[in-house]
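**Student:** Here you go, one structure.
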Amino acid sequence: MTFSWKRVNAIFQKDFKDFSRNLAVSIVVFLPLILAAVYGRMGLDTIQAHFMNINMTFAMVGTYVQCCLIAEEKEKNTLRGLMLSPASTLEILGGKSLLSFVLTIVIAFFCAYLSEYRPANIAIIATAIVISSVFFIGLGTLLGLIAKSVMESSVIVLPVIAVFTMGSFVTVWIEKYPVLQIVEYLPNIQLIDLATKVESGAGFGDVISNLAIILIWTVVVYILTVVVYKKRMVD
Amino acid sequence: MFLYNRVKIERIGVFYMSMKFVLAEKQMNDAILFPEFNLTINESEIVSLCSNVNVREQLLFILLGKTNLSKGKIEFDSEQKLGFYFLREGEYERLTVKESLQFFHRIHQSDQSIEEVLQTVQLESKKNKRIKELSYSEKKRVQLAHILIQNPAIYIMEEPDQNLDIESKKIFINILKMLSSSQKTILILTGQVESALAYSDQIYRLDEKGLHPIQLEVETQNDSNKKTGNEHKDKIVQPIRFEKIPTKVNEKIVLFDPPEIDYIESIEGQTFLHNKGESFPCAFTLNDLEERLLPFGFFRCHRSYIVNLQKVREVITWTRNSYSLVLDDTEKSSIPLSKTKMTDLKGMLGLK
């Protein structure tokens, strides 16, 4: 069976219509935006604050929306119909990921705009944001495969939101509790580290280690997703 | 133990669109669910398999490729995907009817016209309504529209008329006829003999004893003549005898007054009296009962049914050849009425 963009596009459009009418889920899109606007007005102009918004966008939009999109198909019993159609699993997940990806990038852009974040080197930040959103969408897919309903997905996504947005505060305690050093390797902390370096005039060569760590996270999440998918499908 | 050792669903050449069960057998937990049977469904044929829920579910799993047959195989054309019409199917409830059909149209890369399909399932006036605003029967019609858009050669339908309103049933019958005339192969899986009788020309019962055809009546003119003869005789001789009909419940014998009985049904040689939604096995054959009950306004409306005419509320004409009687009982039971009996009934009602 060949990969068809037409089918991916059909799923993308269907999910977009469905998503925009599902207020319970689509409302989360506005949360980071409101927060960003408030921060911008308050004059908070640290990298920490900007990236707290962007990381929240990743967790709320990338992970949660993707997770809900997949879990709802399972809950409403529509996934079987899709599976019996000519659309392959890759196309189904592709269409859904495309929607979450577009949403994440758009919201991240507006967050930066509203909180008046102007990166010194747009190319590096954009690359980092794209890789990160791919990671968070992968995470959402993984959780979506595990969750059985939208209700369940909003619960299991909570720790993700906690770890990947609040995580940036934890760095303060690292000196006191050395165990927390591991936190520095989280993709969101890496992203903040990268952005800080960029502000002080770093080029691609200086941030390659940060990008590599985020990329490793991404690869690991996708491998896990494939493993979970295969296991679930056998059941 | 499950016995999965060979690939049991075999997809064969493109020459014909039939579906063949060859020596298909399924065992589950060391018990036979259904023994070996052969069944060929040719194009343009509508075949009903009446079975219990377990058999039906397993058959669907096998056709979906989720489990395998214990023995034998199922053959059908490799080029065609099967079209499934499940009893429980989700819809994208936030989309409108039209959007949902457009989505299926794109995903199946179908060449069916959406407008025509909407017309066939008679949802044109509701095409811009969201699916969640529709009634259950209308949702089922949306589901039917999806499968029409998919346009497979072989249709597998699970309990297609369960809980449908009368309008939707009529639409469903018309669609079945349309599909059958466009050379589609249709397999209906149901637990209800009545619905099987209304929709298909070949009916089989599948259970642990095997596959048995359910006889469709082939009544001759003689038969009905004889019956009208009987009627006269009964009216004249009218013996003074005990007028209650005995049935057996556990070890007790329960007696029914004829007017209490809604209808009588015969399933595999055993007769059942139906009263207020409950059924009671009865020792007499349908013929005996018919003879005894004629004076009370009972009518043999079908080879396997006798109905209490006092309880009939509606006579529904599905097509020119298929009719149902709807009773005035709590469940609004519907009973098949055969073509030859329709004329008799009209006569009795003085409609001729």
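**Student:** Yes or no: the range B:65-73 includes at least one residue that is free of Cβ contacts under 8 Å to residues at least 60 places away in the same chain and either in contact with a His (Cβ under 6 Å, 6 or more places away or on another chain) or more than 30 Å from residue B:23 (Cβ to Cβ) (or both).
**Tutor:** No, the conditions are met nowhere in the range B:65-73.
**Student:** Mind checking which residues of the range B:294-338 are of a type in the set (S, T, N, Q) and on the phi > 0 side of the Ramachandran plot?
**Tutor:** Our first condition is that a residue be of a type in the set (S, T, N, Q); within the range B:294-338, this holds for B:304, B:308, B:310, B:317, B:319, B:321-322, B:324, B:330, B:333-334, B:338.
Residues satisfying the conditions do not exist here.
**Student:** Return the pair list, or none, for Cβ contacts closer than 7 Å from residues in the range B:322-341 that are farther than 15 Å from residue B:197 by Cβ and in contact (Cβ under 8 Å) with a residue 12 or more places away in the chain to residues that are in a helix (DSSP H, G or I) and open to solvent by 10 Å² or more (accessible area, probe 1.4 Å), at least 6 apart or on different chains.
**Tutor:** Filtered contacts from the range B:322-341: B:327/B:311; B:328/B:311; B:329/B:311.
**Student:** Continuing with this model, one more query. Which of the helices (runs of 4 or more DSSP H) contained wholly in the range A:1-106 include at least 2 residues that are within 12 Å of chain B (Cβ to nearest Cβ)? Give the steps one after another, and end with the answer.
**Tutor:** Working: elements: A:5-20, A:23-26, A:30-42, A:47-57, A:66-75, A:79-84.
Passing ranges, in order: A:5-20, A:23-26, A:66-75, A:79-84.
**Student:** Okay, moving on. Restricting to the range B:102-145, name every residue that is within 14 Å of another protein chain (Cβ to nearest Cβ), among the small types (Gly, Ala, Ser) and assigned to a helix (DSSP H, G or I).
**Tutor:** B:145
**Student:** Give the range B:94-125 a look and list any residue that's within 30 Å of the chain's Cα centre (by Cα), open to solvent by less than 60 Å² (accessible area, probe 1.4 Å) and farther than 29 Å from residue A:2 by Cα, or say none.
**Tutor:** Passing the criteria: B:118, B:120, B:121, B:123.
**Student:** Right, here's the next one. Out of the residues in the range A:181-226 that are in contact with a Gly (Cβ under 7 Å, 6 or more places away or on another chain) and either open to solvent by 80 Å² or more (accessible area, probe 1.4 Å) or in a loop (DSSP other than H, G, I, E, B) (or both), which is modelled with the lowest pLDDT? Break it down stepwise before answering.
**Tutor:** In the first step, residues of the range A:181-226 are kept if they are in contact with a Gly (Cβ under 7 Å, 6 or more places away or on another chain); the result is A:183, A:186, A:188-189, A:218, A:221-222, A:225.
From the residues that got through so far, the ones that are either open to solvent by 80 Å² or more (accessible area, probe 1.4 Å) or in a loop (DSSP other than H, G, I, E, B) (or both) too are A:186, A:222.
Values: A:186: 87, A:222: 94.
Ranking the candidates gives A:186 first.
**Student:** Also, quick follow-up: Open to solvent by less than 20 Å² (accessible area, probe 1.4 Å) and under 18 Å from the mean Cα position of the chain (by Cα): which single residue out of A:31, A:69 fits that description? Spell out how you get there, then give the answer.
**Tutor:** Working: A:31 fails: open to solvent by less than 20 Å² (accessible area, probe 1.4 Å).
Exactly one residue qualifies, and that residue is A:69.
**Student:** Would you check which residues across the range B:67-95 are more than 21 Å from residue B:155 (Cα to Cα), in contact with a helix residue (DSSP H, G or I) (Cβ under 7 Å, 6 or more places away or on another chain) and not charged (D, E, K, R) and list them?
**Tutor:** Applying the first criterion (more than 21 Å from residue B:155 (Cα to Cα)) to the range B:67-95 yields B:70-72, B:92-95.
Next, only the ones that are in contact with a helix residue (DSSP H, G or I) (Cβ under 7 Å, 6 or more places away or on another chain) stay: B:92-95.
Passing the criteria: B:92, B:95.
**Student:** Another question, then. As an exercise: evaluate residue B:262 against (1) open to solvent by less than 60 Å² (accessible area, probe 1.4 Å); (2) under 23 Å from residue B:173 (Cβ atoms) and give the number of the one condition it does not meet.
**Tutor:** For residue B:262, the exception is condition (2).
**Student:** Still on this structure, please answer the following. Restricting the search to the range B:250-280, which residues are of a type in the set (Gly, Ala, Ser) and closer than 17 Å to residue B:214 by Cα? Steps first, answer last, please.
**Tutor:** Within the range B:250-280, the first condition is being of a type in the set (Gly, Ala, Ser), and the residues that meet it are B:266, B:269, B:277, B:279.
Hits for the range B:250-280 are B:266, B:269.
**Student:** Oh, and also: Condition first: buried (at least 22 other Cβ atoms within 10 Å of the Cβ) and either at pLDDT 90 or above or under 23 Å from residue A:186 (Cα atoms) (or both). Can you find one or more residues in the range A:77-89 that meet it?
**Tutor:** No, the range A:77-89 contains no residue that is buried (at least 22 other Cβ atoms within 10 Å of the Cβ) and either at pLDDT 90 or above or under 23 Å from residue A:186 (Cα atoms) (or both).
**Student:** Further question on the same structure: Could you check the range B:14-55 and list, in sequence order, the residues that are outside any strand (DSSP E or B), closer than 19 Å to residue B:191 by Cα, in contact (Cβ under 8 Å) with a residue 60 or more places away in the chain and open to solvent by 40 Å² or more (accessible area, probe 1.4 Å)? Even if it seems obvious, please write down each step before you answer.
**Tutor:** Initial filter on the range B:14-55 (outside any strand (DSSP E or B)): B:14-18, B:29-30, B:42-45, B:51-55.
Next, from what is left, pick out any that are closer than 19 Å to residue B:191 by Cα: B:51-55.
Now drop any that are not in contact (Cβ under 8 Å) with a residue 60 or more places away in the chain, which leaves B:51-53, B:55.
Within the range B:14-55, B:52, B:53 meet the criteria.
The values are calculated or read from the model by the stated rules, or taken from the named source; none is laboratory data. These figures come from a predicted structure and were not determined experimentally. Every residue, glycine among them, receives a Cβ derived from its backbone with ideal geometry; neighbour counts consider all protein chains shown. Just the protein is used for accessible areas: all its heavy atoms, side chains included, with ligands, DNA and RNA removed. Shrake-Rupley method; radii C 1.70, N 1.55, O 1.52, S 1.80 Å.
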